[in-house]
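Quick notes on the structure that follows.
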Amino acid sequence: MTEKTHDNESWKERGVMLRVFVYVFATHAFAGFVWLLFYVGQNAQK
């Protein structure tokens, strides 16, 4: 394996890990926001 190919694969792997982290974070943030909406709606003055 040449050095350039290794660097390219390393860069792609880093990009995939970053993308997974962002997707997981965004999913949890969205789920937390939905949970907050339900919580506020349940405890609202009626």
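At 222 nm, what helix-only mean residue ellipticity would the chain give, in deg cm²/dmol to the nearest 500, using -39500 (n - 2.57) for each DSSP H run of four or more?
About -32000 deg cm²/dmol.
Quick check: the angle from helix 3-42's long axis to the longest principal axis of the chain, C-alpha only, nearest 10 degrees?
0 degrees
Which length gain, in nm to one decimal place, applies between Trp35 and Lys12 when the Cα-Cα distance is subtracted from 0.36 nm times their residue separation?
My answer for the length gained is 4.8 nm.
Considering only protein heavy atoms, what per residue accessible area in square angstrom results for the chain with a 1.4 angstrom probe?
Using a 1.4 Å probe on heavy atoms only, each residue of the chain averages 104 Å².
Over the chain, what percent of the accessible surface lies on carbon and sulfur atoms, probe 1.4 Å? Could the numbers behind the result be given before it?
Details: 3270 of 4770 Å².
Whole-percent figure for carbon plus sulfur exposure: 68.
The values are calculated or read from the model by the stated rules, or taken from the named source; none is laboratory data. Source: prediction; values computed, not measured. Protein only, heavy atoms only, side chains kept; ligands, DNA and RNA dropped before computing areas. Shrake-Rupley method; radii C 1.70, N 1.55, O 1.52, S 1.80 Å.
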